[in-house]
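What follows draws every value from the coordinates through simple rules; no lab data is involved. Nothing here was measured: the structure is a model prediction, and the numbers come from that model. Using ideal geometry, Cβ is built from the backbone for each residue, glycine included, and neighbour counts are taken over all protein chains shown.
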Amino acid sequence: MKYLVIVTHPNIEESKVNKTWIDELQQHDDKVTIHQLYKEYPDLNINVAKEQELLLNHDSIIIQFPLHWFNTPFLFKKWMDEVLTYGWAFGPEGDKLKGKKLRLSVSTGGTEETYNSFVSLEELLKSVTVSFQYCGLEMLPLHVFYGANDNPKFEDIKVNSKQYADLIL
Ligand SMILES: Cc1cc2nc3c(=O)[nH]c(=O)nc-3n(C[C@H](O)[C@H](O)[C@H](O)COP(=O)(O)O)c2cc1C
């Protein structure tokens, strides 16, 4: 079964990190389904049935995004609100995601030192991980690229991308 990578980046053409991650994963397209929310829904109208079908067809899910105001980009929050429905993802008979595995893959503008001394990404993203745990998914450790605003070397992004592919595949 393939891995589902749900990417939420509002401006992927201008991206360095998330675009390089996608380029790396696309070399394994026999093993991954890459699903870009902003490309799929430029009008921001999410097709809930389609999203739920995609989730049902994959046992391992990766949620990939750049950190925006210490959170996910807003289209992903909309996706959570609309796709993780009562009676489907939680509540009576809401067991459709139970037992699936989920990992967050996040790029930050801030450096690793900033996050270590300020607030960790795990703490910041707790509401997202708790939401998925509430729906019965097993959370796997975060994958991160820190310091995207510090003009990182392309080589370093490539190394991180290979680590990302090795981690999830
Ligand atoms: C609207 C907006 C909000 C952002 N908020 C944060 C933030 O809270 N913390 C942070 O470390 N970086 C923040 N950034 C920087 C992005 O996380 C960073 O540019 C991105 O991870 C780089 O990935 P990319 O090369 O794929 O675009 C923000 C960027 C934008 C556009």
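Structure notes:
- Footprinting exposure proxy for Val119, Val32, Val7 (fewest neighbouring C-beta atoms within 10 Å first): Val119, Val32, Val7
- Likely footprinting exposure, Leu125, Leu169, fewest C-beta neighbours within 10 Å first: Leu169, Leu125
- Overall, the stretch 3-168 carries a charge dipole of about 160 debye about its Cα centre when +1 sits on the Cβ of Lys and Arg and -1 on the Cβ of Asp and Glu, all other atoms neutral.
- For the pair the stretch 108-169 and the stretch 29-67, the centres of their Cα atoms are 19 angstrom apart.
- Among the listed pairs Lys31/Lys101; Lys19/Lys126; Lys78/Lys158; Lys101/Lys162, those beyond 27 Å (Cα-Cα): Lys78/Lys158
- Candidates Asn47, Asn18, Asn151: whichever shows maximal mean-square fluctuation once the chain is modelled as a Gaussian network with Cα springs under 10 Å: Asn151
- Whole-number percent relative contact order across the chain, with pairs defined as alpha carbons under 8 Å at least 6 apart: 26 percent
- Residues whose amide H lies under 5 Å from that of Lys100, counting only those 5 or more places away or on a different chain, are Glu138; hydrogens are built 1.01 Å from N in the peptide plane.
- Calculated [θ] (222 nm, deg cm²/dmol) that DSSP helices of n ≥ 4 give over the chain, each run adding -39,500 (n - 2.57): -11000 deg cm²/dmol
- Selection of chymotrypsin sites (Phe, Trp or Tyr not before Pro), the stretch 64-124, meeting DSSP coil and at most 16 other Cβ within 10 Å: Trp69, Phe70, Phe118
- Sequence-ordered 3J(HN,Hα) estimates for the stretch 54-65 from the Karplus curve with 6.51, -1.76 and 1.60 and θ = phi - 60° stand at 4, 5, 4, 7, 9, 9, 10, 10, 10, 10, 10, 6 Hz, glycine and proline given as x.
- Space enclosed by the convex hull of the alpha-carbon atoms of the stretch 3-168, per residue, Å³: 107 Å³
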